[in-house]
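J.: Starting off with a structure, shown below.
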Amino acid sequence: SAQQQLIFRANRKEHGVRGIYSWFEYLERKKYNMHVRVFLARYRSQFPCPTCGGARLESAALSYVVDEKTLPQVWALPIQRALPFFEELLERHRGEIPTEHVLAEVVSRMRYLEQVGLGYLTLDRQSRTLSGGESQRVNLTSILGARLVHTTLVLDEPSIGLHPRDTERLLGAMETLRDRGNSVLVVEHDQEVIRRADQVIDIGPRAGSDGGRIVFQGTPGQLAKHTTSLTGAYLRAASSPPVSNKPRAKPAKTKQIKLRGCSAHNLKNINVAIPLHRLTALVGVSGSGKSTFIQECLLRSYERLSHGFSLRSLTSGPGAVISGVSGFDAVDGIVLIDQSPVGRSPRANAGTYTKAWDIIRECLAATEEAERLGLSKSAFSFNVDGGRCPDCKGAGYHRVEMQFLADAFVECERCGGSRFADHVLGIRYAGKNVVDFLKTSLDDVHQLFASRGEDARAREIVKRTKPLIDLGLGYVQLGQPLSELSGGEAQRVKLASYLREESDKHYLFVLDEPTTGLHPHDITNLLSALRHLVEQGHSVLVIEHNMDVVYAADWMIELGPDGGEAGGELLIEGAPEELLKRTSKKPQTPTLAALEAHLKPTRPSAKALRRPPRQASRGETHAIEIR
């Protein structure tokens with residue numbers, strides 16, 4: 001209506017007041033203020049332009065077509081469909097300069113995108129919606145397309161989110177860069193990538209204070225023979241299948257959550273059954289529909305039903321993505337343990353999250369010196385007055401607003417960043433004051449209090465820190481802000497809170513690639529933790545590409561066979577061992593092929609350990625040396 005248009009589009013020049021659009025345009029010029037950025041993020045979202053319908057072009061530009069397709073129609077194609085379209089155009093325009101040159105460049109870059117496993121992405125996919133791994137691979141293809149030489153490229157875990165089939169393609173792209181005369185330095189835990197490297201630098205031997213040293217440098221084959229390297233030990237075990245401790249009952253005999261007619265995005269009206277009280281792996285190549293099934297079908301359906309929506313409203317009408325559901329009443333809740341930050345406040349840390357910090361403060365307050373000075377437990381808190389620095393209020397720094405630049409943080413002159421007053425810093429327990437404890441790793445805290453097992457407080461601290469250590473987070477300092485943790489670390493911190501608590505409730509825990517950023521040694525610990533949740537009576541569903549985790553699962557559900565429009569089908573479901581036995585009768589799926597290859601001692605990547613060191617293609621090999 002006219003009134004609605006006035007509310008949205010009014011401006012001060014014509015109407016004397018700002019409408020909603022004009023108001024947000026004004027705020028856009030004030031984004032250097034933090035509170036304005038927060039306001040904009042909270043109350044503004046994107047929606048298609050009502051004039052062009054999201055095409056981003058005016059009507060005159062839309063009148064131009066190539067093979068009866070407008071530019072927005074070409075943008076909407078996934079790369080795996082756009083590539084044949086442009087290849088056909090290229091063949092048709094051979095010999096026409098500069099058309100042939102332009103089309104050849106387009107085809108070349110699209111081939112690289114498909115080569116690194118991104119064929120399911122549409123050309124108009126916004127970069128802000130890409131995952132970290134997808135963004136990194138897009139950047140990698142831009143480098144491939146630019147044909148750089150004599151360049152050192154640094155990649156941080158490019159295999160994140162990749163199915164083993166796509167990892168093979170990624171390796172091919174990195175080897176292409178190397179063969180052009182470039183150097184490729186990869187931070188990686190994936191064993192297939194490590195085995196294919198020309199040189200491996202292993203840093204350790206453990207994490208935190210027990211790490212930081214070069215344990216080994218040489219070829220993968222030499223690393224596999226190294227006796228003190230954890231990475232070498234796992235490479236040596238390449239010919240041994242992972243150990244899988246299965247529960248007593250078979251998953252097929254348990255209760256199930258069943259979702260019928262799943263049709264969100266690229267899902268092809270599939271029926272999926274998730275066995276309860278089991279560890280289930282949801283697998284498939286990149287873009288096959290795994291995250292769509294979890295987010296749009298499973299979680300969305302459960303949330304709406306638990307908030308009072310009727311089953312009919314969920315399965316019919318506009319926006320319906322399932323045709324039926326059952327089994328939600330068999331669980332007390334579905335818990336998504338994702339990689340979002342645990343906390344955004346710099347005052348929240350590993351100690352406060354586990355409540356171990358409360359008990360350590362009690363230990364400090366119970367010392368003779370603290371009692372003599374009349375210091376209570378609250379004196380050792382940086383959140384309340386009494387013992388914290390009165391100038392910085394326990395922050396350790398002062399924030400300086402820089403207006404048009406990012407805010408600066410200056411160390412507090414009074415406490416020197418310690419966050420506490422001098423009279424509190426003089427109190428020591430087991431030789432450590434409050435700041436020393438905050439800088440101590442969880443491993444060291446656990447070891448210190450484990451040696452004082454006769455003390456009830458010490459036993460409680462050991463109990464509270466153990467789950468984090470079991471999940472490979474022992475290197476994290478007690479006072480490390482949770483806002484500084486990586487996504488994988490944040491996910492494991494959340495998981496630890498459930499491992500610590502005994503409960504008579506039954507939850508379905510959903511984890512999206514929990515092995516991200518984990519060394520094989522840490523994956524072993526993670527599997528033990530997931531198994532512990534199942535033994536407590538819970539159910540666990542993981543989206544995963546790591547073949548050790550897939551093989552260790554009780555049940556496997558695979559979507560595919562490819563990504564994007566070519567995905568979204570239910571390929572197989574069952575126990576991994578049983579499915580592997582059936583492969584001689586049926587065509588192999590991408591995951592079964594990868595799993596079978598992973599369990600073979602003669603697989604190509606295992607043979608790679610025995611290959612001689614690769615010689616440089618261009619004379620003498622040079623090195624970057626950092627002392």
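J.: Considering 211, 232, which residue is within 30 Å of residue 474 (Cβ to Cβ) and in contact with a Leu (Cβ under 6 Å, 6 or more places away or on another chain)?
T.: Details: 211 fails: in contact with a Leu (Cβ under 6 Å, 6 or more places away or on another chain).
Sole residue among the options that is within 30 Å of residue 474 (Cβ to Cβ) and in contact with a Leu (Cβ under 6 Å, 6 or more places away or on another chain): 232.
J.: Based on what the data block shows, is residue 42 farther than 21 Å from residue 121 by Cα and either basic (Lys, Arg) or part of a strand (DSSP E or B) (or both)?
T.: Numbers: farther than 21 Å from residue 121 by Cα: yes; either basic (Lys, Arg) or part of a strand (DSSP E or B) (or both): yes.
Taking the combined requirement at face value, the residue satisfies it.
J.: Could you grab me the full set of residues in the range 448-469 that are in contact with a helix residue (DSSP H, G or I) (Cβ under 9 Å, 6 or more places away or on another chain) and either among the polar types (S, T, N, Q) or surrounded by fewer than 18 Cβ atoms within 10 Å (Cβ to Cβ) (or both)? Quick ask: steps written out before the conclusion?
T.: Going through the range 448-469, the residues in contact with a helix residue (DSSP H, G or I) (Cβ under 9 Å, 6 or more places away or on another chain) turn out to be 448-453, 455, 457-469.
Matches in the range 448-469: 450, 451, 452, 453, 455, 457, 459, 460, 463, 465.
J.: Can you tell me which residues in the range 26-53 are modelled with pLDDT of 85 or more, surrounded by 10 or more Cβ atoms within 10 Å (Cβ to Cβ) and over 30 Å from residue 73 (Cα atoms)?
T.: Listed by number, the residues that qualify are 26, 27, 28.
J.: Further question: Does residue 508 satisfy being of a type outside the set (Ser, Thr, Tyr) and more than 23 Å from residue 600 (Cβ to Cβ)?
T.: Working: of a type outside the set (Ser, Thr, Tyr): yes; more than 23 Å from residue 600 (Cβ to Cβ): yes.
Judged against the criteria, residue 508 is a match.
J.: Of the numbered conditions (1) touching a helix residue (DSSP H, G or I) at 6+ places or on another chain (Cβ under 7 Å); (2) within 15 Å of residue 262 (Cα to Cα), residue 315 fails exactly one; give the number of that condition.
T.: That leaves (1) as the condition not met.
J.: While we're on this one: What strands (runs of 3 or more DSSP E) completely inside the range 493-597 contain at least 2 residues that are among the aliphatic types (A, V, I, L, M), farther than 30 Å from residue 76 by Cβ and outside the structural domain of residue 114 (by TED's automatic domain parsing)?
T.: Numbers: elements: 507-512, 539-543, 555-560, 569-574.
Passing ranges, in order: 507-512, 539-543.
J.: Does the range 144-152 contain at least one residue that is surrounded by 15 or more Cβ atoms within 10 Å (Cβ to Cβ), within 26 Å of residue 487 (Cβ to Cβ) and in contact (Cβ under 8 Å) with a residue 12 or more places away in the chain?
T.: Within the range 144-152, not a single residue is surrounded by 15 or more Cβ atoms within 10 Å (Cβ to Cβ), within 26 Å of residue 487 (Cβ to Cβ) and in contact (Cβ under 8 Å) with a residue 12 or more places away in the chain.
J.: For the range 83-128, what are the residues that are touching a strand residue (DSSP E or B) at 6+ places or on another chain (Cβ under 9 Å) and either on the phi > 0 side of the Ramachandran plot or among the small types (Gly, Ala, Ser) (or both)?
T.: 119
J.: Quick check on residue 299: is it closer than 22 Å to residue 530 by Cα, in contact (Cβ under 8 Å) with a residue 24 or more places away in the chain and outside any helix (DSSP H, G or I)? Break it down into steps so the answer makes sense when it comes.
T.: Numbers: closer than 22 Å to residue 530 by Cα: yes; in contact (Cβ under 8 Å) with a residue 24 or more places away in the chain: yes; outside any helix (DSSP H, G or I): no.
Criteria not met by residue 299.
J.: In the range 399-440, what count of residues is obtained for those that are closer than 20 Å to residue 383 by Cβ, among the aromatic types (Phe, Trp, Tyr) and surrounded by fewer than 20 Cβ atoms within 10 Å (Cβ to Cβ)?
T.: Qualifying residue count for the region: 1.
J.: On to the next question. I'd like to check something: does the range 129-142 contain any residue that is over 16 Å from residue 171 (Cα atoms) and in a loop (DSSP other than H, G, I, E, B)?
T.: Yes, that holds for at least one residue.
J.: Among the residues of the range 407-423, write down those that are within 20 Å of residue 384 (Cα to Cα), outside any loop (DSSP other than H, G, I, E, B) and modelled with pLDDT under 95. Walk me through how you get there before you give the answer.
T.: Our first condition is that a residue be within 20 Å of residue 384 (Cα to Cα); within the range 407-423, this holds for 411-423.
From the residues that got through so far, the ones that are outside any loop (DSSP other than H, G, I, E, B) too are 411, 420, 422-423.
Answer for the range 407-423, where residues must be within 20 Å of residue 384 (Cα to Cα), outside any loop (DSSP other than H, G, I, E, B) and modelled with pLDDT under 95: 411, 422, 423.
J.: Kindly state which helices (runs of 4 or more DSSP H) lie completely within the range 313-394 and contain at least 2 residues that are farther than 18 Å from residue 449 by Cβ and of a type outside the set (Gly, Ala, Ser).
T.: On the way: elements: 350-354, 356-365, 368-373.
Of the helices (runs of 4 or more DSSP H) lying wholly inside the range 313-394, those with at least 2 residues that are farther than 18 Å from residue 449 by Cβ and of a type outside the set (Gly, Ala, Ser) span 368-373.
J.: Further, regarding this structure: Run residue 386 past the list (1) free of Cβ contacts under 8 Å to residues at least 40 places away in the same chain; (2) under 21 Å from residue 496 (Cβ atoms); (3) exposed (fewer than 15 other Cβ atoms within 10 Å of the Cβ); (4) of a type outside the set (A, V, I, L, M) and report the number of the one that doesn't hold.
T.: That leaves (2) as the condition not met.
J.: Taking the range 254-271 only, how many residues are out of contact with any Cys (no Cβ under 9 Å at 6 or more places or on another chain), not in a strand (DSSP E or B) and not basic (Lys, Arg)? If you could, list the steps in order and put the result at the bottom.
T.: At the first step, the residues of the range 254-271 found to be out of contact with any Cys (no Cβ under 9 Å at 6 or more places or on another chain) are 254-258, 260-261, 265-266.
Still in the list and also not in a strand (DSSP E or B): 254-255, 265-266.
Keeping just the survivors that are not basic (Lys, Arg) gives 254, 265-266.
Of the residues in that region, 3 qualify.
J.: Answer with yes or no whether residue 61 is at pLDDT 80 or above, outside the structural domain of residue 6 (by TED's automatic domain parsing) and in a helix (DSSP H, G or I). Can you show your working first?
T.: Working: at pLDDT 80 or above: yes; outside the structural domain of residue 6 (by TED's automatic domain parsing): yes; in a helix (DSSP H, G or I): yes.
For residue 61, the condition - at pLDDT 80 or above, outside the structural domain of residue 6 (by TED's automatic domain parsing) and in a helix (DSSP H, G or I) - is met.
J.: Follow-up question, since we're still on this one. Mind telling me which of the residues 58, 68 ends up being among the acidic types (Asp, Glu), out of contact with any Lys or Arg (no Cβ under 9 Å at 6 or more places or on another chain), surrounded by 10 or more Cβ atoms within 10 Å (Cβ to Cβ) and within 29 Å of residue 107 (Cα to Cα)? I'd like the intermediate steps shown before the answer.
T.: Values: 68 fails: surrounded by 10 or more Cβ atoms within 10 Å (Cβ to Cβ).
58 is the lone residue from the list that is among the acidic types (Asp, Glu), out of contact with any Lys or Arg (no Cβ under 9 Å at 6 or more places or on another chain), surrounded by 10 or more Cβ atoms within 10 Å (Cβ to Cβ) and within 29 Å of residue 107 (Cα to Cα).
J.: Which of the residues belonging to the range 195-209 are touching a Phe, Trp or Tyr at 6+ places or on another chain (Cβ under 9 Å) and in contact (Cβ under 8 Å) with a residue 40 or more places away in the chain?
T.: If the condition is that a residue be touching a Phe, Trp or Tyr at 6+ places or on another chain (Cβ under 9 Å) and in contact (Cβ under 8 Å) with a residue 40 or more places away in the chain, then 206, 207, 208, 209 are the ones that fit.
J.: Residue 294 passes all but one of (1) modelled with pLDDT of 90 or more; (2) surrounded by fewer than 17 Cβ atoms within 10 Å (Cβ to Cβ); (3) aliphatic (A, V, I, L, M); which number fails?
T.: Of everything listed in (1) modelled with pLDDT of 90 or more; (2) surrounded by fewer than 17 Cβ atoms within 10 Å (Cβ to Cβ); (3) aliphatic (A, V, I, L, M), residue 294 misses just condition (2).
The values are calculated or read from the model by the stated rules, or taken from the named source; none is laboratory data. Keep in mind that this is a model prediction, so the values were computed, not measured. Ideal geometry is used to build each Cβ from the backbone, glycine not excepted, and the neighbour counts take in all protein chains shown.
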